[in-house]
Amino acid sequence: MRRVEVAIPGRPYPVLIGAGAIAELAGLVEGQVVIVQDLALPPLALPGAAVVKVAAGEDIKSWDGLRQIVDSLEAHRLGRDGTVVALGGGTIGDAAGFAASIWQRGVALINVPTTLLAMVDSAIGGKTGINSSRAKNAIGSFWQPRAVLCDLDWLDTLPEAEKQSGYAEIVKYTMTLDPGMADVGDFAEVVERSVRAKAEIVAADERESGLREVLNYGHTAGHAIEALSGYTLAHGRAVAAGMRVAARISQRVLGCPAAVVEQQDRLLAAHGLPGPLPDLAVDRVLDALPGDKKARAGRPRWVLLRDAGRPEPGHEVPEEIVREAVAEILSGS
Ligand SMILES: NC(=O)c1ccc[n+]([C@@H]2O[C@H](COP(=O)([O-])OP(=O)(O)OC[C@H]3O[C@@H](n4cnc5c(N)ncnc54)[C@H](O)[C@@H]3O)[C@@H](O)[C@H]2O)c1
């Protein structure tokens, strides 16, 4: 079993990675246990645990979804010394994690991510939350889990499109934090190194006051394109398109080598990313940018690459350069 420590000061926790990692769950839970799980997944064998089944998807990240989970914790009389186990992809983890953070002013949480995206990204770092009527993830908390169990067996049933979403984040880690990962063939090692990359960043900057912003590489244009597609474009495809935009801006603004931009394109293409994009006018994408969470005072601030493994957050970029990069990516060239 591979193990990565998320060294949040005062509250470190392990991420266990490998086939069969779920077997560790029984030894990690404390007190009464409520498993909040994606109803599409088979039940877990954990004697004595209550199970609450919810549908995955953005609908669970709503006030109604949150109420459903919190009502279930109350119905099962989960006490302050109990544990919530979030079993599912990022939508279940975000909503169940938020519920765990507010129920009884916060109870223990164990994340059991079942999508590749959740394993390498959303289950680690303590961001929980739901969507407001206007913005994704606008309501939430920082609530670190006690442990994360990445059992790779779950991925056997994961649809290809969902795997691609996870790979977009893996390519993001490769380009921004661990360029050596590009040459790693062993899948478990790729997951471990991705987890390690995220763990190191969130341990150094839990509340996203600076360093953690590098994790938003590709998400500035990515979020705009995803939102403009009416969320019909998969998150990973949108982020992949956003990374292609950011790399081209990096080349113009920071002199990022062309070979790095090409390498990123190759790594994405190897996983079918970004694939076909919606037919969007460049102006609409530019207009959608300042709504991004990283925008301060209405102007987007870009995470750019000076080189592979050298990300730099906080860049304001002249509109013409952004326009050219967005136009190039939307046209598929
Ligand atoms: N908290 C964070 O730091 C963070 C980071 C990145 C993304 N997110 C959030 O994560 C969410 C996306 O997560 P996601 O892509 O995991 O979505 P998801 O939870 O909707 O899961 C995607 C689909 O896969 C299915 N599924 C899950 N596990 C499966 C398995 N093992 N086999 C077969 N099918 C399975 C689900 O039923 C669902 O249909 C978004 O809401 C995003 O905002 C949060």
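The values are calculated or read from the model by the stated rules, or taken from the named source; none is laboratory data. Since the model is a prediction, treat every value here as computed from it, not as a measurement. Every residue, glycine as well, gets a Cβ built from its backbone with ideal geometry; the counts of neighbours run over all protein chains shown. Side chains included, ligands, DNA and RNA excluded: accessible areas come from the protein's heavy atoms. Shrake-Rupley method; radii C 1.70, N 1.55, O 1.52, S 1.80 Å.
Here are some notes:
Results for (1) open to solvent by 10 Å² or more (accessible area, probe 1.4 Å); (2) hydrophobic (A, V, I, L, M, F, W, C); (3) within 23 Å of Arg248 (Cα to Cα), shown as yes or no for each residue.
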residue	(1), (2), (3)
Arg207	yes, no, no
Leu211	yes, yes, yes
Gly218	no, no, yes
Ala224	no, yes, yes
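- Matching residues in region 178-188 - criterion: being open to solvent by less than 60 Å² (accessible area, probe 1.4 Å) and part of a loop (DSSP other than H, G, I, E, B): Asp178, Val184
- The number of residues in region 71-99 that are in a helix (DSSP H, G or I) and more than 13 Å from the ligand (Cβ to nearest atom) comes to 6.
Let's see how each residue does on (1) in the same structural domain as Arg77 (by TED's automatic domain parsing); (2) among the hydroxyl-bearing types (Ser, Thr, Tyr); (3) in contact with a Lys or Arg (Cβ under 6 Å, 6 or more places away or on another chain); (4) within 29 Å of Thr232 (Cα to Cα):
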residue	(1), (2), (3), (4)
Gly106	yes, no, no, no
Met119	yes, no, no, yes
Ser132	yes, yes, no, yes
Asn137	yes, no, no, yes
Lys172	no, no, no, yes
Met181	no, no, yes, no
Val195	no, no, no, yes
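- Checking each residue in region 96-106 for being buried (at least 24 other Cβ atoms within 10 Å of the Cβ) and either under 17 Å from the mean Cα position of the chain (by Cα) or of a type in the set (Val, Ile, Thr) (or both) picks out Ala96, Gly97, Phe98.
- Residue under evaluation Gln68, criteria (1) open to solvent by 10 Å² or more (accessible area, probe 1.4 Å); (2) of a type in the set (S, T, N, Q); (3) within 15 Å of the ligand (Cβ to nearest atom), criterion not met: (3)
- Those strands (runs of 3 or more DSSP E) of region 1-54 in which at least 2 residues are within 19 Å of Met119 (Cα to Cα), out of contact with any His (no Cβ under 9 Å at 6 or more places or on another chain) and not β-branched (Val, Ile, Thr), considering only elements entirely within it, cover 2-6, 13-18, 33-38.
- Scanning region 254-281 for residues that are surrounded by fewer than 21 Cβ atoms within 10 Å (Cβ to Cβ), among the aliphatic types (A, V, I, L, M) and out of contact with any Ser or Thr (no Cβ under 9 Å at 6 or more places or on another chain) gives Leu254, Ala258, Ala259, Ala269, Ala270, Ala281.
- Test result for Glu200, modelled with pLDDT under 95 and outside the structural domain of Ala7 (by TED's automatic domain parsing): no
- Leu44 vs. criteria touching a strand residue (DSSP E or B) at 6+ places or on another chain (Cβ under 7 Å), within 16 Å of the ligand (Cβ to nearest atom) and open to solvent by 50 Å² or more (accessible area, probe 1.4 Å): no
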